Amino acid sequence: MTALVVVSHSDPDSLTHHLAGSLSDAIRAAGGTVETADLAAENFDPRFTGADLNLFRGHGTTPADVIAEQRRIDIADHLVLVFPMYWWSMPALLKGWIDRVFVNGWAYDATPGTFVKKLARLTVHLVVVAGDDAESFERHGVHEAFRTQIERGIVEYTGATVGSTTILYESDSKSRDVLASEIAGLGATVASHVTGRPAAGGRSAARALASSTKGDQRVPSC
């Protein structure tokens, strides 16, 4: 079982990165293989350029950086997207990655009168860091918006399966120790969804969060 963990955050000490590290450790501990795609560190260009537009219009070649990302996904059984929630959705960097990588001819085939979903073999797990609480999300319809826009509009549109959606709530208001404990638990939960077997939490990433900045109790940004 192989998993590609895609992380979208510019700060390597963010909660997003700690959570990605926790679930990656837990997947490995359960016997899985993990590759990490750190979009910010790898300087992935999210801009939909003229080359991407030509490809969309059916008269162009796939850019080399897009081919590289598609190949990473091709060898994975599970795709795990780890990101902070911005404006009820994902950061522009991750959205641009999806815009450029999940294209016609690879993620789906659309021709006049036909539409073929091509990612049926792939299971996608969505792991989100959010500043607000679950009650507020439910009251404002954020959960349903997320299901419509991302689960249905991206994952299921291409034929992939939504394996799990996991949200770390109240990231801006909880203490560092509480967040470290939750990150370990959520890491184990996501790993169990990916591997299909019980998984221990990714304690190393959680310990790193709890002990980082030498006792400074300020919480890293989501």
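The values are calculated or read from the model by the stated rules, or taken from the named source; none is laboratory data. The structure presented is a predicted model; accordingly, all values stated were derived computationally and were not measured. Note that we place each Cβ from the backbone using ideal geometry, even for glycine, and neighbour counts take in every protein chain shown. To get the accessible areas, we keep the full protein, side chains included, count just its heavy atoms, and leave off ligands, DNA and RNA. Shrake-Rupley method; radii C 1.70, N 1.55, O 1.52, S 1.80 Å.
Return a yes/no flag: does region 69-79 have any residue that is open to solvent by less than 50 Å² (accessible area, probe 1.4 Å), closer than 30 Å to Glu170 by Cα and not in a helix (DSSP H, G or I). Spell out the reasoning first.
Of all residues in region 69-79, those open to solvent by less than 50 Å² (accessible area, probe 1.4 Å) come to 69-70, 72-73, 76, 78-79.
Pick out the ones that are also closer than 30 Å to Glu170 by Cα and you get 78-79.
Checking the rest, the ones that are also not in a helix (DSSP H, G or I) come to 78-79.
Yes.
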Q) Scanning for something touching a Pro at 6+ places or on another chain (Cβ under 9 Å), within 13 Å of Gly187 (Cβ to Cβ) and not hydroxyl-bearing (Ser, Thr, Tyr), does region 31-54 turn up at least one residue? A) no
Q: Answer yes if at least one residue in region 63-78 is in contact (Cβ under 8 Å) with a residue 60 or more places away in the chain and charged (D, E, K, R), and no otherwise.
A: yes
Q.
Quick test of your reading of the structure: Pro12 fulfils all but one of (1) surrounded by fewer than 16 Cβ atoms within 10 Å (Cβ to Cβ); (2) in a helix (DSSP H, G or I). Name the failing condition by number.
A. (2)
Q) Can you name the residue in region 120-151 that is touching an Asp or Glu at 6+ places or on another chain (Cβ under 8 Å) and surrounded by 19 or more Cβ atoms within 10 Å (Cβ to Cβ) and, of all such residues, is nearest to Ser181 (Cα to Cα)? A) Ala130
Q: Would you check which residues across region 15-40 are assigned to a strand (DSSP E or B) and among the hydroxyl-bearing types (Ser, Thr, Tyr) and list them?
A: Thr33, Thr36
(Q) Restricting to region 21-61, and then to whatever is surrounded by fewer than 17 Cβ atoms within 10 Å (Cβ to Cβ) and closer than 15 Å to Pro198 by Cα, can you tell me which residue is modelled with the highest pLDDT? (A) Arg28
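Restricting to region 152-162, what's the tally of residues that are closer than 21 Å to Thr189 by Cβ and buried (at least 18 other Cβ atoms within 10 Å of the Cβ)? Break it down into steps so the answer makes sense when it comes.
To start, the set of residues in region 152-162 that are closer than 21 Å to Thr189 by Cβ comprises 155, 160-162.
From the residues that got through so far, the ones that are buried (at least 18 other Cβ atoms within 10 Å of the Cβ) too are 155, 160.
So the answer is 2.
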